Amino acid sequence: MFHNLHIIRFLALFGLLGFSLFLLSISMATPEPIPSELIQKEIYSVWAIPPDEVITRVKKLMEGLRAEFEGPQFEPHITVVGAISLTPEDAVKKLKTACEGLKAYDVTVDRVAIGTFFYQCVYLLIHPTNQVVEASSHCCEHFGYNSSTPYMPHLSILYSDLTEDEKKKAQEKANILDDSLSGLTFPITRLALYKTDTEDKTLKSWEKIAECSLDPK
């Protein structure tokens, strides 16, 4: 009888140990992937990046304008795809696929112009050649971005909420600071993905996420 009792206890202990190992194996199993709808999305934009020498020149112009009219600091760029909400992984993937097969192209500055809202306060209007417009259209298609207005390529040099008179003064100041902007032509060989929360007018949350080089012309 005592022998049978020992056997029963042993089997119970063995069963308990086996069940514990079973629970442990479940806890260590590969977790299920998080559904895409639960992954937090961010606001992204795609920028065409000017050559380094143009960036240096434009930054000097931007600094001169901010010294008088203030406004946040940002990197010189031409927006190719406007603000769109995506997951980080999807945004980077779309940039890579958009850059595949897209060739470098030239852009030409038309003139210094002023706009109607914060992000288009004062800018360099870019001539909308077929190459410029098609590059944006190509990227917008890959990103699934649909704009409610026609594409107006431009390179902003001042973000600010100015009055109309102040904008005109800033426009005049830009032409004084650099009087040979009209007709300036330069190549676009790089596109960059930036996190651009348009609600953040300080731009402190804006950051470059990825960059890709375009195929030579």
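The values are calculated or read from the model by the stated rules, or taken from the named source; none is laboratory data. Just so we're clear, the structure is a prediction, and the values are computed from it rather than from any experiment. Note: ideal-geometry Cβ built from the backbone for every residue, glycine included; neighbour counts use all protein chains shown. Each accessible area value is taken on the protein alone, full model and side chains, heavy atoms only, with ligands, DNA and RNA left out. Shrake-Rupley method; radii C 1.70, N 1.55, O 1.52, S 1.80 Å.
Here are some notes:
- Any hit, the stretch 81-96, residues being touching a residue at least 24 places away in the same chain (Cβ under 8 Å), over 12 Å from TYR44 (Cβ atoms) and in a helix (DSSP H, G or I): yes
- Residues that are among the charged types (D, E, K, R) and either modelled with pLDDT of 95 or more or part of a strand (DSSP E or B) (or both), drawn from the stretch 188-217: ARG190, LYS195, GLU207, LYS208, GLU211, ASP215
- Residue in the stretch 127-136 that is in a helix (DSSP H, G or I), in contact (Cβ under 8 Å) with a residue 40 or more places away in the chain and either farther than 20 Å from ILE55 by Cα or touching a Lys or Arg at 6+ places or on another chain (Cβ under 9 Å) (or both) present: yes
- Beta carbons closer than 6 Å, at least 6 apart along the sequence or on distinct chains, pair a first residue in the stretch 41-67 that is more than 28 Å from VAL92 (Cβ to Cβ) with a second that is part of a helix (DSSP H, G or I) and of a type in the set (A, V, I, L, M) for LEU61/LEU177; GLY64/LEU177; LEU65/ALA170.
- Any hit, the stretch 176-187, residues being under 15 Å from CYS139 (Cβ atoms), open to solvent by less than 50 Å² (accessible area, probe 1.4 Å), touching a helix residue (DSSP H, G or I) at 6+ places or on another chain (Cβ under 8 Å) and assigned to a strand (DSSP E or B): no
- Within the stretch 99-114, tally of residues that are modelled with pLDDT under 95 and crowded, with 16+ Cβ neighbours inside 10 Å: 2
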